[in-house]
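Here is the structure we will look at.
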Amino acid sequence: MSIDPQYIRNFSIIAHIDHGKSTLSDRILELTETVSSRDMKEQVLDSMEIERERGITIKSQAVRVDYRAEDGQLYHFNLIDTPGHVDFTYEVSRSLAACEGAVLVVDATQGVEAQTVANAMMAMNANLEIIPLINKIDLPAADPERVRAEIEDVLAIPADDAILASGKTGEGIDDLLEAIVYNIPAPVGESDAPLRALIFDSYFDAYRGVVALVRVVDGSLRKGQEIRMMATNTTTLVEEAGVRKPTEVPVESLGVGEVGYLVTGLKDPAQVKVGDTITNAVGGCEEPLPGYRDVKPMVFTGLFPIDGDQYEPLKDALEKLSLNDPALIYEAETSHALGFGFRVGFLGLLHMEVIKERLEREFGLDLLATAPSVEYHVYKTNGEMISLHSPQDMPDAAEIDHIEEPYLKAKILIPPDYVGAVMDLTVARRGNFITMNYLSTTTVEMLWNIPLSELIMDYFDQLKSRTKGYASLDYDFDEYKTSKLVKLDILLAGKPIDALSFIVHNDKAYDRGRVLVEKLKGIIPRQMFEIPIQAAVGSRVLSRQTVRAMRKDVLAKCYGGDITRKRKLLEKQKQGKKRMKSIGSVEVPQEAFMAILKVDE
Amino acid sequence: MKIPGGDILEDQYPYKALYLHIPFCKSKCLYCDFNSEAISSNDEAIERYVDDLILQIRAASRADLLGSLDTVYIGGGTPTHIGNKELSRLLYGLSLSMHLTPEVECTLEVNPESLTEAMVKDLFALGVTRLSIGVQSFDDEVLKTLGRAHDAAQAKRAIELAQIRFTNISVDLMCGLPGQTKESFIASLKTAVDLGVTHISIYPLSIEEGTPLHGLMERQAFAETEDDLGEYAAEMMLLAQEYLETQGFHRYEVASYAKPGFECRHNKAYWTGKPYLGIGRAAVTMKQNYDERIRMMDSQVQEELSRPEYLVEDLMLGMRMSRGVSVKFAVQVDEEVPGALDAFKELIDSGYVKEVDGRFEPTEKGWLWGNALYGRLLELA
């Protein structure tokens with residue numbers, strides 16, 4: 001028997017990063033005794049090691065929480081934890097589509113920030129009932145009244161009844177649970193209609209194949225049922241349906257409004273896409289649920305094993321990770337400088353960092369990442385268009401008609417004092433100012449149109465440091481626009497190093513080249529011979545520096561006690577070498593490949 | 001009492017060399033990071049320390065650890081700083097504990113400021129066969145910069161005093177020093193050669209963290225940067241080799257030059273894997289059997305090398321000497337440490353090593369870029 005929908009509440013918790021979303025989720029699980037406090041690990045929902053360490057959520061999670069309300073009735077909550085980072089906006093939107101309500105968490109000391117606004121907008125667009133919650137009221141710097149006013153002014157959400165809570169002490173969680181029962185609507189659907197269920201996340205299980213997290217809208221799902229994924233047009237038999245509490249509990253069926261998991265028995269994750277609609281294989285519904293789109297990577301980087309023997313292990317690791325992460329795409333790439341590796345596409349910079357860290361940590365790989373790039377559209381004079389992911393593949397200048405690059409709509413929230421600083425920085429990064437709104441006396445919203453390639457060049461760190469950490473940023477893809485772009489080559493000892501090439505706006509080529517060459521001079525250690533470093537566009541050299549030769553490297557003293565010392569010294573030198581890559585005869589430290597990101601003008 | 005260098009290894013090879021450490025100096029030089037302290041030569045601590053050394057030597061003798069010694073080296077610190085009386089006591093104790101015959105090479109380190117004629121005669125009478133004099137430079141300006149306790153005139157005088165009894169006299173000279181010109185360095189070399197010493201060690205300055213000199217370099221107290229000094233040192237090392245070879249010296253190790261018959265046997269023991277016993281504060285002992293090599297300091301194990309590891313170390317140490325290692329030995333090592341011969345082949349291809357008359361020897365590049373060469377060999381095991 002399916003559960004009566006009137007006792008179901010489906011909701012998400014949304015927040016700006018670090019506002020305490022995960023801790024709050026933990027308290028809910030604890031208070032409802034879903035997870036005994038003995039088993040309570042910090043941030044139960046963030047199960048991946050890196051997620052827990054960084055305090056961020058990367059994958060969506062869904063937990064069934066049973067709550068006996070003050071009216072004596074037992075309610076079934078489905079808490080859907082969403083990724084908290086702008087890289088994962090699409091996933092967030094799909095998770096929200098599985099809910100009727102959202103708890104909007106705002107830090108009582110920080111107030112409303114860019115992602116608070118972005119997430120609240122998404123929740124409103126999804127027609128969710130929003131319960132504002134002011135968190136961390138236990139902190140001395142907490143100012144709930146100011147934050148309450150901000151929520152009303154900036155977000156236009158009535159906040160008189162905003163819940164005052166502390167995820168740390170557990171204060172206010174009871175109020176929250178009651179508010180969920182009374183304010184969030186019960187799901188509505190037709191149990192007799194053909195099945196319609198939304199896939200809001202999926203993962204790969206080595207033993208069971210692809211497991212989907214789903215929300216049933218109409219009809220019901222049961223074991224043995226023959227279903228069809230509408231976007232990928234894949235049919236399969238349901239091997240198991242169940243709910244997570246958070247351990248998986250199989251159930252007879254999932255009915256209208258229920259959230260749970262589905263073992264699809266499929267082996268190919270590409271067949272089970274987030275946002276797709278599941279229906280009956282025979283006599284299914286006509287129209288899929290709205291909002292499905294294909295997720296596309298925005299940022300690309302070359303990943304190369306430092307030790308050539310790790311190419312196959314890297315390939316296996318990428319294959320494994322991509323099973324769980326359809327947004328991760330990769331193709332083989334060969335660099336003259338770095339050998340065999342992969343060009344890997346990511347949703348954004350955080351996604352890239354997380355994946356690189358997982359590859360190194362979980363798979364024991366030593367990787368070298370080249371500077372990230374975006375997808376350029378190169379229109380050739382012969383009418384052909386190339387999607388360029390790697391500077392290496394740039395055609396000859398003579399063959400190029402024009403190049404387009406992706407632009408973003410960026411929203412920046414700052415206190416009014418920093419408008420000038422943000423203006424300077426963003427204009428220098430080729431940003432086009434659109435407009436500016438005073439959301440309140442303490443918060444200004446600036447809207448910009450900025451090339452993604454500039455944003456991934458250390459923009460966020462710069463923004464943070466120039467606004468003393470006050471700025472918050474949210475962005476979304478806008479469109480491709482024509483830009484005057486050139487490929488800048490770096491030459492070491494006269495040889496172009498493909499892995500150091502990058503694409504840059506013509507007007508900035510000289511400055512970037514000069515600064516980068518100076519940076520590299522500081523990074524590349526002195527070797528047995530002189531090493532000229534040059535930056536060039538085509539055959540035009542823009543800048544040149546030289547790393548002086550070192551004449552000797554030998555420890556003269558080596559007597560009784562010195563021998564141990566000498567061994568240790570040589571071992572240390574060897575360790576240092578390991579982190580270097582020999583390119584021709586030049587030893588280049590890893591950081592050289594990332595230096596381009598840290599080029600301050 | 002605890003016997004230094006007593007058995008912890010089974011079937012241990014006998015010690016071939018003995019090192020005695022005297023950790024006292026008149027004053028600390030600015031570049032020094034050795035175990036030594038500046039104290040007055042009348043300090044009671046010296047007598048107590050020598051007492052202790054003698055007790056340990058006696059104990060080692062009773063444990064039959066001193067029966068196969070070929071060489072003795074009394075180093076520091078500044079052994080001559082403790083005075084003639086204490087040195088005589090130590091050497092007397094030593095000569096009663098081992099066969100300190102004239103065939104045993106017995107070196108004593110000397111600092112110019114504390115050598116006297118009486119001391120030279122007593123040292124000779126008590127079995128010392130070789131003096132190693134820490135001159136560093138014959139340029140007073142340079143000596144001042146280093147914080148040395150003597151000037152050039154004292155250094156010359158010390159060599160002349162030593163020559164009253166000794167012909168086996170070594171002089172230490174440094175290169176790549178702040179304020180030191182090429183001319184100054186060559187002049188120092190020439191002075192040493194003209195005075196008739198039979199052995200010269202050339203050390204490029206190494207700036208160690210924690211020394212006053214390191215602090216001075218960090219504060220840019222000198223006209224030269226550390227990189228500059230390294231470059232000058234390289235040049236001077238080349239000049240030294242050129243000059244000394246015309247004067248009848250040959251380079252037999254990275255830093256060591258000798259007239260025929262005057263190579264330091266004690267140091268060669270370090271470089272050819274002979275077990276050595278160290279007595280005194282922070283003195284290092286190396287024990288060895290077929291399976292492993294152990295280094296100890298103050299009764300603590302510092303390092304334990306397996307057979308492949310110590311074989312590779314023997315290759316490395318061998319390549320610090322001009323005679324290098326025999327191809328035959330490298331072939332033997334290769335049987336137990338696969339890749340050894342490939343490494344030599346690679347080192348020959350990249351110009352660090354040459355093969356001459358059945359031996360692998362370092363090239364010019366192999367001398368200057370020794371760390372690359374030694375590192376490649378050490379990574380074999």
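From the residues in the range B:251-302 that are of a type in the set (S, T, N, Q) and within 16 Å of B:Leu9 (Cα to Cα), which one is farthest from the other protein chains (Cβ to nearest Cβ)? Spell out how you get there, then give the answer.
Initially, the range B:251-302 is screened for residues of a type in the set (S, T, N, Q), giving B:256, B:267, B:272, B:285, B:288-289, B:299-300, B:302.
Now narrow it down to the ones that are within 16 Å of B:Leu9 (Cα to Cα): B:285, B:288-289, B:299-300, B:302.
Working: B:Thr285: 8, B:Gln288: 13, B:Asn289: 18, B:Ser299: 14, B:Gln300: 12, B:Gln302: 5 Å.
Out of the qualifying residues, it is B:Asn289.
Tell me which residues, restricted to the range A:227-248, are under 23 Å from A:Ser25 (Cβ atoms), assigned to a strand (DSSP E or B) and free of Cβ contacts under 8 Å to residues at least 60 places away in the same chain.
Initially, the range A:227-248 is screened for residues under 23 Å from A:Ser25 (Cβ atoms), giving A:242-248.
Next, from what is left, pick out any that are assigned to a strand (DSSP E or B): A:242-244, A:248.
Scanning the range A:227-248 gives A:Gly242, A:Glu248.
Taking the stated definitions as given, is A:Leu254 crowded, with 22+ Cβ neighbours inside 10 Å and either of a type in the set (Phe, Trp, Tyr) or farther than 17 Å from A:Leu79 by Cα (or both)?
Numbers: crowded, with 22+ Cβ neighbours inside 10 Å: yes; either of a type in the set (Phe, Trp, Tyr) or farther than 17 Å from A:Leu79 by Cα (or both): no.
Judged against the criteria, A:Leu254 is not a match.
Against the conditions (1) surrounded by 15 or more Cβ atoms within 10 Å (Cβ to Cβ); (2) within 25 Å of A:Tyr379 (Cβ to Cβ); (3) aromatic (Phe, Trp, Tyr), where does A:Phe477 fall short? Just the number, please.
Here A:Phe477 meets the rest and fails (1).
What pairs come out if I take residues in the range B:303-330 that are without any contact (Cβ under 8 Å) to a residue 12 or more places away in the chain and pair them with residues that are surrounded by 22 or more Cβ atoms within 10 Å (Cβ to Cβ) and not in a helix (DSSP H, G or I) whose C-beta lies under 6 Å away, six or more apart or interchain?
As it stands, the answer is B:Glu303/B:Arg295, since those pairs meet every condition given.
Being surrounded by fewer than 21 Cβ atoms within 10 Å (Cβ to Cβ) and either in the same structural domain as A:Ala62 (by TED's automatic domain parsing) or of a type outside the set (D, E, K, R) (or both) narrows it down to one of A:Asp175, A:Asp205, so name that one. Working first, answer last.
Values: A:Asp205 fails: either in the same structural domain as A:Ala62 (by TED's automatic domain parsing) or of a type outside the set (D, E, K, R) (or both).
Selected residue: A:Asp175, the only one of A:Asp175, A:Asp205 that is surrounded by fewer than 21 Cβ atoms within 10 Å (Cβ to Cβ) and either in the same structural domain as A:Ala62 (by TED's automatic domain parsing) or of a type outside the set (D, E, K, R) (or both).
Output the number of the condition that B:Lys259 fails; it satisfies all remaining conditions of (1) free of Cβ contacts under 8 Å to residues at least 24 places away in the same chain; (2) under 25 Å from B:Asn168 (Cβ atoms).
The single condition B:Lys259 does not satisfy is (1).
How many residues does the range B:178-213 contain that are modelled with pLDDT of 95 or more, closer than 25 Å to B:Ile74 by Cβ and part of a loop (DSSP other than H, G, I, E, B)?
The total comes to 3.
Take the residues in the range A:538-552 that are closer than 15 Å to A:Ser585 by Cβ and modelled with pLDDT under 90, then tell me which one is nearest to the other protein chains (Cβ to nearest Cβ).
First pass over the range A:538-552, keeping only residues closer than 15 Å to A:Ser585 by Cβ: A:547, A:549-550.
Retained after the next criterion (residues that are modelled with pLDDT under 90): A:549-550.
Details: A:Ala549: 9, A:Met550: 7 Å.
Looking at residues that are closer than 15 Å to A:Ser585 by Cβ and modelled with pLDDT under 90, I get A:Met550.
Each row is one residue, and each column tells you yes or no for (1) within 22 Å of A:Ala428 (Cα to Cα); (2) of a type in the set (Lys, Arg); (3) in contact with a strand residue (DSSP E or B) (Cβ under 9 Å, 6 or more places away or on another chain).
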residue: A:Val515; (1), (2), (3): yes, no, yes
residue: A:Leu520; (1), (2), (3): no, no, yes
residue: A:Pro532; (1), (2), (3): no, no, yes
residue: A:Ala535; (1), (2), (3): yes, no, yes
residue: A:Arg540; (1), (2), (3): no, yes, no
residue: A:Arg544; (1), (2), (3): no, yes, yes
residue: A:Arg548; (1), (2), (3): no, yes, yes
residue: A:Arg551; (1), (2), (3): no, yes, no
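Quick check on the range B:254-271: of everything there that is assigned to a helix (DSSP H, G or I) and hydrophobic (A, V, I, L, M, F, W, C), which residue is nearest to B:Leu315 (Cα to Cα)?
Initially, the range B:254-271 is screened for residues assigned to a helix (DSSP H, G or I), giving B:265-271.
Still in the list and also hydrophobic (A, V, I, L, M, F, W, C): B:269, B:271.
Working: B:Ala269: 14, B:Trp271: 9 Å.
Looking at residues that are assigned to a helix (DSSP H, G or I) and hydrophobic (A, V, I, L, M, F, W, C), I get B:Trp271.
When you go through (1) of a type in the set (Phe, Trp, Tyr); (2) closer than 30 Å to A:Val547 by Cα; (3) touching a strand residue (DSSP E or B) at 6+ places or on another chain (Cβ under 6 Å) one by one for A:Tyr459, which number turns out not to apply?
So the condition that A:Tyr459 fails would be (3).
Which residues, counting only those in the range A:148-173, are of a type in the set (Asp, Glu), over 17 Å from A:Gly20 (Cβ atoms) and not in a loop (DSSP other than H, G, I, E, B)? Before the answer, list the steps.
As a first pass, look at the range A:148-173 and keep what is of a type in the set (Asp, Glu): A:150, A:152-153, A:160-161, A:171.
Now narrow it down to the ones that are over 17 Å from A:Gly20 (Cβ atoms): A:152-153, A:160-161.
Residues satisfying the conditions are A:Glu152, A:Asp153.
If I filter the range B:237-251 for residues that are within 20 Å of B:Val325 (Cβ to Cβ) and in contact with a strand residue (DSSP E or B) (Cβ under 9 Å, 6 or more places away or on another chain), do I get at least one hit? Lay out the reasoning, then the answer.
Looking only at the range B:237-251, we keep the residues that are within 20 Å of B:Val325 (Cβ to Cβ), and these are B:250-251.
In the following step, the residues that additionally are in contact with a strand residue (DSSP E or B) (Cβ under 9 Å, 6 or more places away or on another chain) were identified as B:250-251.
Looking for residues that are within 20 Å of B:Val325 (Cβ to Cβ) and in contact with a strand residue (DSSP E or B) (Cβ under 9 Å, 6 or more places away or on another chain), one finds at least one in the range B:237-251, hence yes.
If A:Ile533 passes every condition in (1) surrounded by 23 or more Cβ atoms within 10 Å (Cβ to Cβ); (2) under 28 Å from B:Tyr352 (Cα atoms); (3) touching an Asp or Glu at 6+ places or on another chain (Cβ under 8 Å) but one, which one does it miss?
Just one mismatch for A:Ile533, condition (3).
Can you name the condition, by its number, that A:Arg94 falls short on among (1) assigned to a loop (DSSP other than H, G, I, E, B); (2) at pLDDT below 90?
(1)
Look through the range B:354-381, keep the residues that are away from every other protein chain (no Cβ under 14 Å) and either of a type in the set (Lys, Arg) or part of a strand (DSSP E or B) (or both), and return whichever of them is surrounded by the fewest Cβ atoms within 10 Å (Cβ to Cβ).
Within the range B:354-381, the first condition is being away from every other protein chain (no Cβ under 14 Å), and the residues that meet it are B:354-361.
Remaining after also requiring either of a type in the set (Lys, Arg) or part of a strand (DSSP E or B) (or both): B:354-356, B:359-361.
Numbers: B:Lys354: 16, B:Glu355: 14, B:Val356: 11, B:Arg359: 17, B:Phe360: 24, B:Glu361: 17.
If we take residues in the range B:354-381 being away from every other protein chain (no Cβ under 14 Å) and either of a type in the set (Lys, Arg) or part of a strand (DSSP E or B) (or both), then B:Val356 is surrounded by the fewest Cβ atoms within 10 Å (Cβ to Cβ).
Could you run through the range A:385-423 and say how many residues are touching a residue at least 24 places away in the same chain (Cβ under 8 Å) and more than 30 Å from A:His336 (Cα to Cα)?
Summing the residues that are touching a residue at least 24 places away in the same chain (Cβ under 8 Å) and more than 30 Å from A:His336 (Cα to Cα) in the range A:385-423 gives 14.
Condition (residue is exposed (fewer than 14 other Cβ atoms within 10 Å of the Cβ), under 16 Å from A:Tyr407 (Cα atoms) and touching a helix residue (DSSP H, G or I) at 6+ places or on another chain (Cβ under 6 Å)) applied to the range A:441-452: is it met by at least one residue?
no
Looking at the range B:210-250, which of the residues that are within 12 Å of another protein chain (Cβ to nearest Cβ) and surrounded by fewer than 20 Cβ atoms within 10 Å (Cβ to Cβ) is nearest to the chain's Cα centre (by Cα)? Before the answer, list the steps.
Start the filter on the range B:210-250 by keeping residues that are within 12 Å of another protein chain (Cβ to nearest Cβ), which leaves B:225-238, B:240.
Narrowing the set further to residues that are surrounded by fewer than 20 Cβ atoms within 10 Å (Cβ to Cβ) leaves B:225-228, B:231, B:235, B:238.
Numbers: B:Thr225: 27, B:Glu226: 24, B:Asp227: 25, B:Asp228: 26, B:Glu231: 23, B:Glu235: 22, B:Leu238: 20 Å.
Here the residue is B:Leu238.
Mind counting the residues in the range A:442-480 that are part of a strand (DSSP E or B) and either under 10 Å from A:Ala410 (Cα atoms) or within 24 Å of the chain's Cα centre (by Cα) (or both)?
Of the range A:442-480, the ones part of a strand (DSSP E or B) are A:444-451, A:472-480.
So of that shortlist, the ones also either under 10 Å from A:Ala410 (Cα atoms) or within 24 Å of the chain's Cα centre (by Cα) (or both) come out as A:445-451, A:472-480.
Final tally of qualifying residues: 16.
Right, A:Leu516: in contact (Cβ under 8 Å) with a residue 40 or more places away in the chain and either within 35 Å of the chain's Cα centre (by Cα) or surrounded by fewer than 21 Cβ atoms within 10 Å (Cβ to Cβ) (or both) or not? Walk me through how you get there before you give the answer.
On the way: in contact (Cβ under 8 Å) with a residue 40 or more places away in the chain: yes; either within 35 Å of the chain's Cα centre (by Cα) or surrounded by fewer than 21 Cβ atoms within 10 Å (Cβ to Cβ) (or both): yes.
When the stated conditions are applied, A:Leu516 passes them.
Restricting the search to the range A:561-597, which residues are touching a residue at least 60 places away in the same chain (Cβ under 8 Å) and within 13 Å of chain B (Cβ to nearest Cβ)?
The answer is A:Lys578, A:Ser585, A:Glu587.
Go through the range B:180-226 and give me each residue that's among the polar types (S, T, N, Q) and closer than 21 Å to B:Trp367 by Cβ.
B:Gln180, B:Ser188, B:Ser201, B:Ser206
Name the strands (runs of 3 or more DSSP E) wholly within the range B:78-177 that hold at least 3 residues that are in contact with a Lys or Arg (Cβ under 8 Å, 6 or more places away or on another chain) and either surrounded by fewer than 20 Cβ atoms within 10 Å (Cβ to Cβ) or at pLDDT 95 or above (or both)? Let's see the steps before the verdict.
Details: elements: B:105-110, B:130-136, B:169-175.
Strands (runs of 3 or more DSSP E) meeting the threshold: B:105-110.
Would you confirm, using the coordinates I've provided, whether A:Phe529 is in contact (Cβ under 8 Å) with a residue 12 or more places away in the chain and either more than 14 Å from every other protein chain (Cβ to nearest Cβ) or in contact with a helix residue (DSSP H, G or I) (Cβ under 6 Å, 6 or more places away or on another chain) (or both)?
Values: in contact (Cβ under 8 Å) with a residue 12 or more places away in the chain: yes; either more than 14 Å from every other protein chain (Cβ to nearest Cβ) or in contact with a helix residue (DSSP H, G or I) (Cβ under 6 Å, 6 or more places away or on another chain) (or both): no.
It is false that A:Phe529 is in contact (Cβ under 8 Å) with a residue 12 or more places away in the chain and either more than 14 Å from every other protein chain (Cβ to nearest Cβ) or in contact with a helix residue (DSSP H, G or I) (Cβ under 6 Å, 6 or more places away or on another chain) (or both).
So, in the range A:298-312, how many residues would count as being charged (D, E, K, R) and either in a loop (DSSP other than H, G, I, E, B) or crowded, with 22+ Cβ neighbours inside 10 Å (or both)?
Pass one, the range A:298-312, residues charged (D, E, K, R): A:307, A:309, A:312.
With either in a loop (DSSP other than H, G, I, E, B) or crowded, with 22+ Cβ neighbours inside 10 Å (or both) added as a condition, the list becomes A:307.
Of the residues in that region, 1 qualify.
The values are calculated or read from the model by the stated rules, or taken from the named source; none is laboratory data. Not measured: the values here are computed from a predicted model. Ideal geometry is used to build each Cβ from the backbone, glycine not excepted, and the neighbour counts take in all protein chains shown.
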